[in-house]
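Undergrad: I have a structure I would like to understand better, so I am pasting it below and will then ask my questions one at a time.
Read-outs: derived from the displayed coordinates by stated rules, not from any lab. All figures in this text were calculated on a predicted structure; none of them were measured in a lab. Every residue, glycine among them, receives a Cβ derived from its backbone with ideal geometry; neighbour counts consider all protein chains shown.
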């Protein structure tokens with residue numbers, strides 16, 4: 001689903017700058033510099049470019065894989081430009097501008113259809129706040145919250161397919177639906193969440209929780225509310241003052257209520273999914289950072305017939321000014 005895929009990027013808030021406080025050991029300097037490179041430090045701007053690619057080639061019916069004789073699939077690529085500004089060490093804002101490209105093959109009304117959809121997605125504006133943080137030589141703890149609004153800037157025309165959908169008796173079921181291809185929701189939606197992280201020497205743990213509150217959009221269509229929780233343990237394998245490299249085991253849980261058209265619940269779509277995979281975080285100096293993650297599905301439950309993800313690849317770079 002577009003709404004799930006678009007919001008895998010994390011939102012952090014400011015921490016104390018490396019150049020402001022003296023540090024007694026190189027390890028502590030490395031922690032500060034890594035935070036600064038991710039745009040989590042100092043007042044000022046930070047710019048990120050993030051990319052997520054999802055291949056959905058497995059056809060499922062009620063959570064169980066079924067034959068896919070027509071090779072139905074959906075490939076979704078989302079490129080996000082994020083411009084952030086930290087007002088001070090605790091408050092910040094971020095504007096997320098996504099560009100979406102999707103290619104697909106499906107059976108619609110008994111006819112095999114190949115096509116693409118691309119364009120601007122729904123932009124989001126978020127405010128971030130860190131109410132609690134502790135940075136010491138051997139350990140650190142941070143807790144942040146965020147909230148904001150997603151704007152209906154993406155093209156929602158594909159949602160009209162769901163309103164006008166007519167089943168053809170005896171025709172193969174389609175695994176790619178209009179709501180899977182729509183670039184936007186046509187609605188103003190709310191986003192709330194929190195982030196938590198802790199470090200002990202070179203070991204760390206991070207958890208992100210996000211909840212999306214959907215409203216009715218174009219054509220009377222309303223995406224279901226979503227809860228996404230992700231994170232896991234990791235370790236720094238390179239921990240120098242000017243360079244850090246960390247490996248992390250990421251786990252994700254996502255659940256989504258059923259979509260509605262004119263107030264009536266739909267009978268298709270992904271409702272619950274679990275993912276796991278490796279991640280890499282690299283920082284250089286006080287300005288540059290990069291991340292790469294792979295998400296492999298452990299279990300996906302869906303209603304009716306649906307193409308579900310086989311894998312997701314995520315990556316991004318950040319430059320803090």
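Undergrad: What is the order of 256, 265, fewest Cβ neighbours within 10 Å to most?
TA: 265, 256
Undergrad: To continue, here is another question. How would the chain be classified by its alpha-carbon gyration tensor: rounded, prolate or oblate, with rounded meaning a/c under 1.5 and the a/b versus b/c comparison settling the rest?
TA: prolate
Undergrad: Shifting gears a bit: Which angle between 0 and 90 degrees, to the nearest 10, do you get for helix 26-37 versus the longest principal axis of the chain when only C-alpha atoms count?
TA: 40 degrees
Undergrad: Among 100, 300, 229, which comes first, then next, by fewest other beta-carbon atoms within 10 Å?
TA: Ordered from fewest to most neighbouring Cβ atoms within 10 Å, 100, 300, 229 come out as 229, 300, 100.
Undergrad: Can I ask one more? Over the chain, with a Gaussian network built from C-alpha contacts below 10 Å, which listed residue (138, 295, 189) shows the highest mean-square fluctuation?
TA: 138
Undergrad: In the chain, what % of DSSP beta bridges are antiparallel (nearest 5)?
TA: Looking only at bridges with both residues in the chain, the antiparallel portion is about 100 percent.
Undergrad: Considering only C-alpha atoms, what is the centroid distance from the range 231-308 to the range 152-170, in Å?
TA: 28 Å
Undergrad: Now a separate question. Taking a ≥ b ≥ c as the square roots of the Cα gyration tensor eigenvalues, with a/c under 1.5 meaning rounded and otherwise prolate when a/b beats b/c, else oblate, which class fits the range 122-249? Walk me through the intermediate numbers first.
TA: Details: a/c = 3.57, a/b = 2.23, b/c = 1.60.
The shape class here is prolate.
Undergrad: Still on this structure, I have one more. Ignoring everything except DSSP H segments at least 4 long, calculate the 222 nm mean residue ellipticity for the chain; use -39,500 (n - 2.57) per segment, divide by total residues, nearest 500.
TA: Computed mean residue ellipticity for the chain: -2000 deg cm²/dmol.
Undergrad: How high is the relative contact order of the range 2-320? Use alpha-carbon pairs under 8 Å, at least six apart in sequence, and give a whole percent.
TA: Reported relative contact order: 20 percent.
Undergrad: Name the residue, out of 131, 309, 297, whose mean-square fluctuation peaks in a Gaussian network model built on the chain with Cα pairs under 10 Å.
TA: With Cα springs under 10 Å in the chain, the top fluctuation among 131, 309, 297 is at 131.
Undergrad: Further, regarding this structure: Which one, 185, 289, 257, has the greatest fluctuation when you compute a Gaussian network model over the chain with C-alpha springs under 10 angstrom?
TA: Highest fluctuation of the listed residues: 257.
Undergrad: Then there's this: What ranking do 70, 212 get, fewest neighbouring Cβ atoms within 10 angstrom at the top?
TA: By the 10 Å Cβ count, ascending: 70, 212.
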